[in-house]
1. Arg136 passes all but one of (1) touching a Leu at 6+ places or on another chain (Cβ under 6 Å); (2) open to solvent by 40 Å² or more (accessible area, probe 1.4 Å); (3) closer than 20 Å to Leu246 by Cα; (4) not hydroxyl-bearing (Ser, Thr, Tyr); which number fails?
2. Restricting attention to the stretch 204-246, report how many residues are polar (S, T, N, Q), at pLDDT 90 or above and not in a helix (DSSP H, G or I).
3. Among (1) closer than 19 Å to Leu27 by Cα; (2) modelled with pLDDT under 90; (3) open to solvent by 10 Å² or more (accessible area, probe 1.4 Å), where does Lys184 come up short?
4. Considering only the stretch 27-50, state which residues are open to solvent by less than 80 Å² (accessible area, probe 1.4 Å) and aromatic (Phe, Trp, Tyr).
5. Return a yes/no flag: does the stretch 51-61 have any residue that is under 21 Å from Trp119 (Cβ atoms) and open to solvent by less than 60 Å² (accessible area, probe 1.4 Å).
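The values are calculated or read from the model by the stated rules, or taken from the named source; none is laboratory data. Just so we're clear, the structure is a prediction, and the values are computed from it rather than from any experiment. Cβ atoms come from the backbone with ideal geometry, glycine included; neighbour counts cover every protein chain shown. To get the accessible areas, we keep the full protein, side chains included, count just its heavy atoms, and leave off ligands, DNA and RNA. Shrake-Rupley method; radii C 1.70, N 1.55, O 1.52, S 1.80 Å.
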Amino acid sequence: TAPPPGADPLELKYHHFSAIVNAVRRLAFFTAVNIDGVAWRSIKRASDRWILDPRIPKTAQAGEELYSGNPLDRGHLVRRLDPAWGPSLATAKTANDDTFHFTNCAPQHEDFNQNQNTWAGLEDYILQNADRENLRVSVFTGPVFAASDENYRGIQLPRQFWKVVVMVKKKKLHATAYLLSQAKLIQGLVEADFSYGNYKTFQVPISKVAKLTGLGFGKLPTFDPLNKTTESTAVRELTELTDVKL
């Protein structure tokens, strides 16, 4: 029997965001963050200090042992600055620091994590297109878990990531979805041989993300500009942010 809402021990609440952890994969199933552009504060990045979340067993989360001595980066799911808002600088800094829990990162090859301008810029671009009087955006992000994902140090490495962004545009609810996928699948991944294809960013219907993840997004697909197009024609590769259909 599923626990009542709010009682799931693998639902972890942080400042302005939450993570739902998949204890089998030892990574976040998905994260959800609220961004308040009006109350947002700039927090300088200090030395990264990633920590395990003491509220759940160590066996339910991938820690430093996954990332040491290889080309894997700790890729933020909730971006560091997204939850950095609030009535005081101290609140914003606490939210910023909360993003450095291992439950909020996923293993990403360094070539991906350092070369993802389109993916990383999506939320900024969408914030710029949100109503100026209501700069509030909710972002859901997570990996796509597949049975065929390559196993490395006891962790299966996701090959795709998704994002659903919800905002107010022209005083109406507006939702879009994106998929980050490798042009080639991971091949022959062993201790000394990481072979990754190039990642590409696509705008896709929310229904496609739902199908890939098994998640339900309620009525959000009805507010998706790609909702009425077929899946085969709706998938749009984004080579630059102006390709986004809002």
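1. (1)
2. 0
3. (1)
4. Matches in the stretch 27-50: Phe29, Phe30, Trp50.
5. Looking only at the stretch 51-61, we keep the residues that are under 21 Å from Trp119 (Cβ atoms), and these are none.
No, the conditions are met nowhere in the stretch 51-61.
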